[in-house]
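What follows draws every value from the coordinates through simple rules; no lab data is involved. Predicted model only: the values in this text are computed from it and were never measured. Note: ideal-geometry Cβ built from the backbone for every residue, glycine included; neighbour counts use all protein chains shown.
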Amino acid sequence: MSDFTPTERTQVKRLPKRGKYERETVFAILDAGFVCHVGFIVDGQPYVIPTNYGRSGDTVYLHGSAASRMLRTLSEGVPMSVTVTHVDGLVLARSVFEHAVNYRSAMIFGTPRLVTDRDEKLAGLRSLTEHIAPGQWDYARRPNKKELAKTSLLALSLDEASVKIRTGPPDDGDSPDAALEVWAGVLPLAAAWQAPDPDPVLPAGIPLPPHIAALAGRPASIPRT
Ligand SMILES: Cc1cc2nc3c(=O)[nH]c(=O)nc-3n(C[C@H](O)[C@H](O)[C@H](O)COP(=O)(O)OP(=O)(O)OC[C@H]3O[C@@H](n4cnc5c(N)ncnc54)[C@H](O)[C@@H]3O)c2cc1C
């Protein structure tokens, strides 16, 4: 598995020691989440849109209504950037200046491709569904012809990507501020899946599927498969 080569765009310049380009590190951050922010420009106006994604191999899939401006614009070969962020804690320093956040984030650049082949589209939607809610593609009803036509699927090849990671305590432990009587440290943050909440109109007797039951209580920002 070859690593990403830093490019003019992806070379981390600010605090470069936090930059990473190992493919497995990029994949781990993508696989730990399912919400990204998509940046693109329409008529000189930048937009940043939160949306779901899935990864399969070296491809990131994005989907949505064929009527969405984001999907329509990006289908036309417009360059985009995609970011995925996980916040792991607040870094509380002695000085306000040194406060920070512990995080893992990935940034991808590229020009997506509209997937039009039916089999490829189904496979891509399967990857996206399984990335977000593993087990649901085989459990829930799959898209019919009409639903498929209403859905656009974009494939973004993972060619140009960077990761930035901050871990550890505040940076002012060895500064003159260390003498201050100010508590300093990290307040960790971890989202976790909660107990499933059945649809109030769900008929009695439909059991919770094991693949969903298994998620309850588990941390949300780690890979689930
Ligand atoms: C949750 C969170 C909170 C943050 N809060 C702040 C803040 O308050 N103030 C602040 O200045 N910065 C913050 N950062 C860091 C911020 O994301 C940038 O890395 C930083 O601002 C430097 O920006 P720049 O344009 O100078 O980056 P440069 O180093 O010039 O960026 C060059 C290239 O490095 C890569 N890169 C840069 N940042 C990231 C990243 N975060 N993830 C993946 N690749 C990256 C990209 O490929 C980018 O094109 C935060 C990051 C996260 C994840």
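Observations, loosely collected:
- The shape of the chain comes out oblate: with a ≥ b ≥ c from the C-alpha gyration tensor, a/c is at least 1.5 while a/b does not beat b/c.
- Degrees separating the helix 118-132 axis from the principal Cα axis of the chain, which is the longest one: 40
- Calculated FRET efficiency for the pair Lys17/Ala195, C-beta based, R₀ 45 Å, to 0.05: 0.65
- Order of His86, His211 under a 10 Å beta carbon neighbour criterion, fewest first: His211, His86
- Lysine pair count for the chain with Cα-Cα distance under 20 Å and sequence separation of 8 or more or different chains is 6.
- A simple spin-label model places the labels of His211 and Ser2 3.4 nm from each other, with each point 7 Å out along Cα-to-Cβ.
- For the stretch 51-84, the residues whose amide N sits under 20 Å from a probe point set 7 Å from the Cα of Val101 along the beta carbon direction are 51-53, 81-84.
- With contacts taken as Cα pairs under 8 Å and at least 6 residues apart, the stretch 29-133 reaches a relative contact order of 31 percent.
- If you bin all the Cα-Cα distances of the stretch 24-146 at 5 Å, starting from zero, the percentages per bin are 2, 9, 17, 21, 18, 13, 9, 5, 3, 2, 1, 0.
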